[in-house]
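The values are calculated or read from the model by the stated rules, or taken from the named source; none is laboratory data. As the structure is a computational prediction, the values presented were derived from the model and not from experiment. All Cβ positions, even for glycine, are placed from backbone atoms using ideal geometry, and neighbour counts span all protein chains on display. Heads up: the accessible areas ignore ligands, DNA and RNA and are worked out on the full protein's heavy atoms, side chains in. Shrake-Rupley method; radii C 1.70, N 1.55, O 1.52, S 1.80 Å.
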Amino acid sequence: MNAPLTSGYNFAYLDEQTKRMIRRAILKAIAIPGYQVPFASREMPMPYGWGTGGVQVTAAVLGADDTLKVIDQGSDDTTNAVSIRKFFEKTAGVATTTVTSEATVIQTRHRIPETPLKEDQILVYQVPIPEPLRFLEPRETETRTMHALEEYGLMHVKLYEDIARHGHIATTYAYPVKVAGRYLMDPSPTPRFDNPKMHQSPALQLFGAGREKRIYAVPPYTDVVSLDFEDHPFEVNKFDKPCALCGAEGVYLDEVILDDRGGRMFVCSDTDHCETRRADGNRGEMSPDSSENRP
Amino acid sequence: MSAARELPAAEMPELPLLSVDGLSKFYGARLGCIDVGFDLYPGEVLAIVGESGSGKSTLLSLLSGRLAPSAGRIRYRMRDGELRNVLGLTEAERRLLMRTDWGFVHQDPAQGLRMAVSAGANVGERLMAVGQRHYGDIRATATDWLGRVEIDSDRIDDAPRAFSGGMRQRLQIARNLVTHPRLVFMDEPTGGLDVSVQARLLDLLRGLVDDLGLSVVIVTHDLAVARLISHRLMVMRQGRVIEAGLTDQVLDDPREPYTQLLVSSVLQV
């Protein structure tokens, strides 16, 4: 695999030995769903917290004929998404897209696309803190033992605290899940709205944490169950209104402040989904060209 | 000081719950404790007394599986009646034992509690660890246990940080007893508490031990605590058990010179 001659980089930035090392970690992660596999995370030309783990995983799985999509908080056009997309355009010369259904590899921060994923797609998550028990148990030796012995009662202590304080489970993102009935896993800071999409997903899901040097995975068609109590079952976030631009219901919405007098709108967090729907003629209450708003 | 406790002879069971022999621990060339052996019967409270550095905390750590011994044997009668070698258990079995059938009350409640989560969650943690997944039930059990250790039920959502020393210690006891353990280890449970709070805590402990038929191994340097709560007593010095027997017998008629010294050192008010 040769990089474009002009770039001066190896294909997808990382050298082949590094990519092999990461692929070995990925294979192990797929073999043990939800288990955090340590790997020799490299310095990347970007700061920790910007997706160094996700970028390394993407670099390791990317082939010359792949089509890459990068999203940040559901959006294709934020700085982080644009920069990572350009990074791989330059170093790997791969095709890029913003259309979910056209992509073969999707690197994401915080969201799973609204368009259902397919078997030939790989979803790569950028993970800041891979250990779901970290804030409850600071010792790495102890959390590893807890994983090994499947001692996950502590996670419910956190959910108990939520209910005791707020009357309901108030964890809205990084909501803990159990993978394939065995390992407790942090689904990265995705909203819990997206948790059900991980369950039995046809796409391969890979998680990379660069600073913490961990890779984990959910293979296709794997059970991913959100933790809950019998009398406080898991629920996804609900929204009062449909998207203000495309009128979509049952999707995750972002709040956008419009002025300093309390004006606000709720729009699809998945920009590709919203644009596709608008192109198909769907309109929300605040669309510039909707009938109510037309001058 | 004649409040010592006697086991009703008729209820004295025949089989020991915990059986220890030849237990030794060396820290390199230094001695932790050597050749300690005893049997603990169900419902019995054994106090280990001695001065600082006598090896009593080492012994407690060995018994509770927090430290690996250099030599010796610890056997525990499981709920199925089988006497099993504790040191031969897998880590998973040992940890399960620690959070179901055993309890450990630390001298410093901050070590035994999760200071950042509420009292209710502290009590409920063991329940959740053994698989209870019904919030209402867990909370009801926690409320019940807080009542049993005399903590107002309206404090259930307060973190132990907001509790006094005595309350923290009582919370720690509730947290340990919620799964109805049969054996509880206590490391100076009244240390650092003022005397009136100590008295109340001891009173509470006596009541719980009687009600639940608990077996307890309690380490203390306070002979008054040993007198009030324990049936039997072991006196340790320089890593060895130098005297053992019924609490009243040892304290009223000490045989060893060191025990005599210890008993006569207690301040009389």
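Shielding value for A:161-172 is 3, the average number of Cβ atoms from other chains within 10 Å of each residue's Cβ.
For chain B, hydrophobic long helices are taken as DSSP H runs at least 15 Å long by C-alpha position along their axis with mean Kyte-Doolittle hydropathy of 1.6 or more; none is present.
Over chain A, the pair-distance histogram of Cα-Cα distances with 5 Å bins from zero comes to 1, 5, 11, 15, 17, 16, 13, 10, 7, 4, 1, 0, 0, 0 percent, rounded to whole numbers. Each semi-axis of the equivalent ellipsoid for the stretch A:190-295 is √(5λ) with λ an eigenvalue of the Cα gyration tensor; in descending order they amount to 33, 17, 15 Å. Protein-only accessible surface at a 1.4 angstrom probe places the residues B:Ser265, A:Ser226 in the order B:Ser265, A:Ser226, largest first. Normalised by residue number, the volume inside the convex hull of the Cα atoms of the stretch A:253-293 is 70 Å³ per residue. For the pair the stretch A:120-159 / the stretch B:30-65, the C-alpha centres are spaced 36 Å from each other. When the Cα atoms of the stretch A:1-95 are aligned to their principal axes, the ranges along those axes come out at 36, 32, 24 Å in descending order. Computed over neighbours whose Cβ is under 10 Å from that of B:Val86, the net charge equals +3, Lys and Arg +1, Asp and Glu -1. Dividing the radius of gyration of the alpha carbons in chain B by their Kirkwood radius gives 0.96 for Rg/Rh.
Taking all protein chains as they are arranged and a probe of 1.4 Å, the heavy atoms of A:Lys241 leave approximately 120 Å² accessible to solvent. Each eigenvalue of the Cα gyration tensor of the protein assembly as shown, multiplied by 5 and square-rooted, gives one semi-axis; in descending order these are 60, 28, 18 Å. Built from the Cα atoms of the stretch B:119-269, the convex hull projects on average onto 10.3 nm², one quarter of its surface area. For A:Ser83, the accessible surface of its heavy atoms amounts to roughly 60 Å² (probe 1.4 Å, protein chains only, rounded to the nearest 10).
When both bridge partners sit in the protein assembly as shown, DSSP labels roughly 55% of those beta bridges antiparallel. A Cβ-based charge dipole, computed about the Cα centre of the stretch B:97-248 with Lys and Arg at +1 and Asp and Glu at -1, lands at about 380 debye.
Estimated from the Cβ-Cβ distance and a Förster radius of 51 angstrom, the FRET efficiency linking A:Asp231 and B:Glu256 is about 0.30. Using the Cα coordinates of the stretch A:23-163, the gyration tensor eigenvalues translate into equivalent-ellipsoid semi-axes of 30, 17, 15 Å, sorted from longest to shortest. Mean projected area of the convex hull spanned by the Cα atoms of the stretch A:95-222, taken over all viewing directions: 8.5 nm². The Rg/Rh ratio for the stretch B:115-180 is 0.93, where Rg is the radius of gyration of the alpha carbons and Rh is the Kirkwood radius.
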